[in-house]
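One structure is given here, and the rest of the page talks about it.
The values are calculated or read from the model by the stated rules, or taken from the named source; none is laboratory data. In this text the structure is predicted, and so the values were computed from the model without any measurement. Cβ placement follows ideal geometry from the backbone for every residue including glycine, while neighbour counts extend to all protein chains displayed.
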């Protein structure tokens, strides 16, 4: 996450996220097909979960808990807990049964134990996140480590999540100027850090035994001069990584080279996040993949919409349209584990919009909005 201000928020999930101005839904292009369920991991219907909860980090420090009705999309309020001042990143460790909160205002990370029946959160541990203004937090595939980027220090930090839900220091590692987001390849052996001010992506080998990050040989991946990489979405197949660029207002598609365990230096596609003919100030804020990696979504603040893309068999994106975000100041977004609902945090209007996702087309349609006590900075959906 970037420094807290009206112009920036997370998102995270991993750890990873809008009244409309001329927004519309485009018709699918003839002949183009998204990656099918057999092509992508997780394409089969999700098993029924006992409970699904949605957590929202809000300006002022509270994390609100909602129970999600998977039949209707209704959200039932289940209370909130104060964790700091600006909980801009939320992530879950299923292994440790905790929700991790990173507060960019205080520089602290908090582990919150989860009651699987009620969704209630209880403080478990708190520790410095490894630097000032931690951003873009993510939990690794083992659930044992929390990684955060630090734009001010140009670094990335790793914390250990202990079996009892505690937190311990592993280390802080150099990245690049404006390190604003971190992600892990699905195989859990390679980490990526987006360096917004350097227009680069740092790549590391990730040791799941020690939590140590080792920089890949050679210079960081150089993006076009003036780029502002801000978010990642890794396809569950591990074949492609999508990079959201706030400056060019576009998403670039990079192939993951299995031989060298690194991203391709040249993107295979660059596609705008904005509606055709969009004018005025607007920029993308967050992106996420739907269940199975068949569709990708991005929020545009200014246009205040959600852009939908189908993922083709070669990993490139086909624009499917734009849907009003259900509020103002579109930002963080998340998809529930079943893939049935998409949540959008509208920072300016202090609302959380709930969209039902069409399983065939990926198109989101607004189901309802929830008014919040303060501006939403992050959102996480998890099943127990």
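Just a few scattered comments:
- Test result for residue 321, within 16 Å of the chain's Cα centre (by Cα) and either on the phi > 0 side of the Ramachandran plot or in a strand (DSSP E or B) (or both): no
- Given (1) modelled with pLDDT of 95 or more; (2) on the phi < 0 side of the Ramachandran plot, index of the condition residue 304 fails: (2)
For every residue, the table says whether it meets (1) farther than 27 Å from residue 53 by Cα; (2) in contact with a helix residue (DSSP H, G or I) (Cβ under 8 Å, 6 or more places away or on another chain); (3) at pLDDT 95 or above.
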{"residue": "126", "(1), (2), (3)": "no, no, yes"}
{"residue": "136", "(1), (2), (3)": "no, no, no"}
{"residue": "140", "(1), (2), (3)": "no, no, yes"}
{"residue": "160", "(1), (2), (3)": "no, no, yes"}
{"residue": "166", "(1), (2), (3)": "no, no, yes"}
{"residue": "170", "(1), (2), (3)": "yes, no, yes"}
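- From 366, 352, 317, residue being at pLDDT 95 or above and either in contact with a helix residue (DSSP H, G or I) (Cβ under 6 Å, 6 or more places away or on another chain) or within 21 Å of residue 240 (Cβ to Cβ) (or both): 317
- Residues in the range 198-213 that are at negative phi and surrounded by 14 or more Cβ atoms within 10 Å (Cβ to Cβ): 198, 200, 201, 202, 203, 204, 205, 206, 207, 208, 212, 213.
- Qualifying residue in the range 118-130 (condition: assigned to a loop (DSSP other than H, G, I, E, B) and under 21 Å from residue 212 (Cα atoms)): yes
- Qualifying residues in the range 214-260 (those that are out of contact with any strand residue (DSSP E or B) (no Cβ under 7 Å at 6 or more places or on another chain) and under 18 Å from residue 285 (Cβ atoms)) - the one surrounded by the most Cβ atoms within 10 Å (Cβ to Cβ): 248
- Take the conditions (1) under 21 Å from the mean Cα position of the chain (by Cα); (2) modelled with pLDDT of 95 or more; (3) more than 20 Å from residue 231 (Cα to Cα); residue 122 misses just one of them, which is (1).
- Of everything listed in (1) in contact with a helix residue (DSSP H, G or I) (Cβ under 9 Å, 6 or more places away or on another chain); (2) over 18 Å from residue 63 (Cβ atoms); (3) surrounded by 22 or more Cβ atoms within 10 Å (Cβ to Cβ), the single unmet condition for residue 336 is (2).
- Against the conditions (1) at pLDDT 95 or above; (2) surrounded by fewer than 24 Cβ atoms within 10 Å (Cβ to Cβ), residue 132 satisfies every one except (1).
- Looking across the range 340-361, the residues that are assigned to a loop (DSSP other than H, G, I, E, B) and under 18 Å from the mean Cα position of the chain (by Cα) come down to 340, 347.
- Within the range 43-64, residues that are on the phi > 0 side of the Ramachandran plot have Cβ atoms under 8 Å from residues that are surrounded by fewer than 17 Cβ atoms within 10 Å (Cβ to Cβ) and at pLDDT 95 or above in these pairs: 60/85; 60/373; 60/374; 61/82; 61/85, counting only partners at least 6 apart in sequence or on another chain.
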